[in-house]
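Chemist: Once you've had a glance at the structure underneath, I'll fire off some questions.
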């Protein structure tokens with residue numbers, strides 16, 4: 001993955017409030033045209049997981065949740081809503097870290113994130129939460145299939161993103177939780193650097209970098225859930241977001 005000297009990052013405005021069962025691909029394609037753009041080969045469309053989850057019905061009414069004893073105990077330690085903690089536990093393989101305002105989980109899909117991705121923000125119903133998509137790579141692939149003809153047959157990349165915190169760093173960044181049509185990593189190992197040294201550890205999380213660039217125009221409170229990134233090229237289609245997930249045996253944070 002590389003840029004041809006310059007990147008364009010466009011906010012796609014005009015996507016309405018998404019509801020379960022909506023044709024998200026069509027809504028976003030309309031926003032592309034409404035923004036005065038079109039889809040072209042080598043474009044990457046970055047879509048926040050929130051609208052994907054809404055379209056797929058990955059929503060939970062907290063009024064239907066009865067917290068378990070474990071959820072009540074963890075909520076006491078974190079200061080959170082026991083119902084939200086209960087939903088997070090149901091979405092998790094295991095809890096990794098607990099503290100005031102902190103509940104870090106490994107999700108059923110293998111992601112490590114706060115509250116297993118359970119989120120109250122940008123949900124019209126104040127007593128509902130969104131979950132991560134069940135299969136974010138499949139969600140990205142479905143959107144890509146719907147748009148491929150519009151993009152001249154591609155290559156076309158699609159990233160489903162979410163904001164994650166990081167061990168040892170303050171604040172959050174947008175990362176790729178679903179990837180289709182492009183490699184998630186750029187591996188420079190085995191190549192020579194500018195001084196002729198053999199690179200042995202240079203693997204870039206390119207999909208995460210693109211997701212973070214897109215977040216700069218999407219914002220958190222601007223109601224812009226989609227961005228278009230232009231100016232990249234790549235080789236191959238990769239293996240989805242699985243490339244970004246570190247093996248637990250090599251993960252010092254989980255050990």
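The values are calculated or read from the model by the stated rules, or taken from the named source; none is laboratory data. If you're wondering where the values come from, they're calculated on a predicted model, not measured in any experiment. So basically every Cβ, Gly included, is an ideal-geometry build from the backbone, and we count neighbours across all protein chains shown.
Chemist: So, of the residues in region 132-164 that are out of contact with any helix residue (DSSP H, G or I) (no Cβ under 6 Å at 6 or more places or on another chain) and over 23 Å from residue 9 (Cβ atoms), which turns out to be surrounded by the fewest Cβ atoms within 10 Å (Cβ to Cβ)?
Modeler: Applying the filter and picking the extreme gives 153.
Chemist: Checking residue 221 against (1) under 13 Å from residue 48 (Cβ atoms); (2) surrounded by 13 or more Cβ atoms within 10 Å (Cβ to Cβ); (3) at pLDDT below 95: exactly one of these is not met. Which one?
Modeler: So the condition that residue 221 fails would be (2).
Chemist: Determine the pairs where a residue that is closer than 22 Å to residue 233 by Cα, located within region 28-45, has a partner that is loosely packed, with under 15 Cβ neighbours inside 10 Å with Cβ atoms under 8 Å apart, the partner being 6 or more residues away or on another chain.
Modeler: Short answer, once both residue conditions are applied: 32/38; 39/152; 40/152; 41/152; 41/153; 42/233.
Chemist: On the given criteria, is residue 140 part of a helix (DSSP H, G or I) and under 18 Å from residue 245 (Cβ atoms)?
Modeler: yes
Chemist: Next up: Among what's in region 1-42 and is closer than 13 Å to residue 147 by Cβ and in contact with a helix residue (DSSP H, G or I) (Cβ under 7 Å, 6 or more places away or on another chain), pick the residue that is surrounded by the most Cβ atoms within 10 Å (Cβ to Cβ).
Modeler: Among them, the one singled out is 12.
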